[in-house]
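Only one structure is covered here, and it is reproduced in the block below.
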Amino acid sequence: MKPPRKILAFAVSFAAIGALIFAAQNSLTSIRSTHRAPPSMAFVPQSDKIKPYLLGFHTAYADYLWIRTTLYFGSEYLSGGQYTWLVRMVDLVTRLNPDFYPAYEFAGLMIPDVCNDPDAARVILERGVSSSVANKWKLWFYLGMIYYRYYDNKKDAAACLARAVTQPDAPGFRLAGVAAAMFRKAGAPEEGLEFLSFVYATSENPEVKRYVQGKLQAFTKAQ
Amino acid sequence: MKGLRMRAIFQIAVNTFKETIRNNVLYIVLFFVVALIVLSVFVADWSVFARIQVMQDFGLATMSLAGLLLAVFIGVGMLGREVSQKTLYQVITKPISRAQFVCGKYAGLLTTLLLTYAAMSTMFLCTLVYLGGTIKLSLLCAVLLIWAEMSVVISASIFFSTLTSPMLASFFSLAFYVAGHLNDLLSIKLVAARGSLYPRLLTAIYYVLPNLEHFNVRDNIVYGIVLPPAYYVLALVYGILYSALFLALSCVLFDAKDL
């Protein structure tokens with residue numbers, strides 16, 4: 001039995017429309033891939049002055065901004081862009097939610113090199129170390145590394161590492177050794193010695209005590 | 001004969017247009033759009049970008065959302081109301097086919113939306129010029145693409161309203177809009193998809209669902225990335241094809257419906 005002509009005409013029309021849609025879809029996708037704009041930054045606020053207008057949802061907005069930041073970073077990385085808005089976005093995230101640890105870590109690790117802006121990273125990290133985030137020792141460590149690498153300021157670097165040692169969960173014995181070595185390089189061995197003695201006296205961990213004692217002996221011998 | 005058919009569609013379109021411009025929802029949505037466009041002047045001041053760029057982005061986003069609200073709340077209720085209030089019987093007892101009725105309704109609603117977009121665009125462009133911006137052709141093309149996107153959404157909402165109750169049809173239309181905008185993500189997911197069936201299923205969904213992101217050129221306007229004219233033409237053709245598809249399906253379903 002032959003299908004009625006009406007049904008056949010409908011089937012052919014649907015198939016034709018489907019084929020045209022398929023072709024148009026592929027053409028549009030290909031044009032868009034060559035003219036792709038980065039994720040819109042239009043709704044990234046200028047400053048944290050908008051905080052009162054967020055009606056208490058500033059942390060949720062910080063989360064949203066953080067997602068936009070990572071998308072922006074990815075798109076700039078893939079297109080070899082200049083990361084123009086990156087510092088401002090990370091800064092805003094940490095202003096809106098001062099306890100947002102990943103943003104601080106990102107600032108410490110990426111901003112000095114990627115955006116070539118160690119000053120901005122230092123300012124954001126200084127905000128981080130005065131906040132109540134967990135893993136604060138890492139932020140002190142990154143700050144110390146920025147002082148050491150970009151400012152060639154070994155004394156401040158050593159002071160930051162010394163602060164890192166005193167934070168909860170810090171890998172004390174390793175950091176203490178690095179901090180003491182840094183003090184020595186900065187031309188302040190007596191401060192390094194004082195710092196090691198302080199760690200030795202205050203630490204309750206026998207492993208740390210043993211490690212620091214070894215460092216102290218090596219330090220005294222070197223002097 | 002063909003002229004008579006077109007005349008019937010035209011008459012239904014005119015009636016639908018008159019009916020929709022009397023709808024209060026239209027004016028409420030228009031009021032909020034105008035208010036939001038005026039308020040966008042302050043939003044633009046908060047942004048890291050130049051206020052003109054933010055104003056453009058915000059204005060276009062507002063128009064898109066307003067179109068969606070109108071398409072869903074007026075489009076879905078249209079057929080359902082004709083059936084529930086039994087006004088449909090007065091029309092289909094005349095020498096007018098159900099397909100002509102559906103096409104007429106669609107054309108009427110599309111005209112209302114065109115008029116609404118003309119009003120919103122005038123307000124938007126006036127605010128833009130007041131702030132020191134310039135009216136570019138790409139901006140007008142972006143508005144045209146939003147209208148094309150809404151024509152697809154309206155055809156989909158008519159399709160859903162022939163299938164189910166107005167309440168569910170509204171829900172499906174909103175879901176269709178969201179899924180259409182998320183369709184772009186499927187192309188990314190396809191790259192990572194493994195297995196024999198899963199990637200094929202994703203590909204099928206990707207091609208069956210319209211990719212409404214093709215009508216969204218806001219980022220390109222904000223960043224000044226010029227799209228070739230062929231893109232706008234293709235996007236319009238894409239919208240027309242999807243609208244035709246949904247409308248044809250609606251006509252078939254409405255024709256087979258037991259009223």
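Residues in region B:219-231 carry Karplus couplings, in order, of 4, 5, 6, 4, 8, x, 8, 7, 8, x, x, 4, 5 Hz; the curve used is 6.51 cos²θ - 1.76 cosθ + 1.60 with θ = phi - 60°, and Gly or Pro positions show x.
For the residues of B:233-246, the average number of beta carbons from a partner chain within 10 Å of their own beta carbon is 4. The trypsin sites (Lys or Arg not before Pro) found in region B:68-132 that occupy coil by DSSP, while having at most 11 further C-beta atoms within 10 Å, are B:LYS86. Averaged over the residues of B:215-225, the number of partner chain Cβ atoms lying within 10 Å of the residue Cβ comes to 4.
Largest first and in whole Å, give the semi-axes of chain B's equivalent ellipsoid, each being the square root of 5 times a Cα gyration tensor eigenvalue.
33, 25, 16
Per residue, the convex hull around the alpha carbon atoms of region A:135-223 comes to 70 Å³. Using θ = phi - 60° in the Karplus curve 6.51 cos²θ - 1.76 cosθ + 1.60, the 3J(HN,Hα) couplings for region B:68-74 round to 4, 4, 5, 4, 6, 6, 8 Hz; x is entered for Gly and Pro.
Lysine pair count for chain B (Cα-Cα distance under 19 Å; residues 8 or more apart in sequence or on different chains): 10.
The 3J(HN,Hα) values that the Karplus relation (6.51, -1.76, 1.60; θ = phi - 60°) gives for region A:11-22 are, in residue order, 4, 5, 4, 4, 5, 5, 4, x, 5, 5, 4, 4 Hz. Gly and Pro appear as x. Could you tell me the center-to-center distance, by alpha carbons, between region B:120-182 and region B:59-106 in angstrom? So the two Cα centres are separated by 16 Å. Take each residue in A:22-35, count the other chain C-beta atoms within 10 Å of its C-beta, and the mean is 6. Please pull out the direction-averaged projected area of region A:43-133, using the convex hull of its alpha-carbon atoms, in nm² to one decimal place. Averaged projected area of region A:43-133's Cα convex hull equals 5.6 nm².
Based on the convex hull around the alpha carbon atoms, the protein assembly as shown presents an average projected area of 32.0 nm².
Full extension of the chain segment joining B:LYS136 with B:ILE28 gains 36.0 nm, where the gain is 0.36 nm per residue of separation less the Cα-Cα distance.
Ratio of Rg to Rh for chain A: 1.30 [Cα atoms; Kirkwood radius as inverse mean 1/r over pairs].
Each reported figure results from applying straightforward, stated rules to the coordinates on display, with no laboratory input. Predicted model, so just to flag it, every value in this text is computed and none were measured. Don't worry about glycine lacking a Cβ; one is built from the backbone with ideal geometry, like all the others, and counts go over all protein chains shown.
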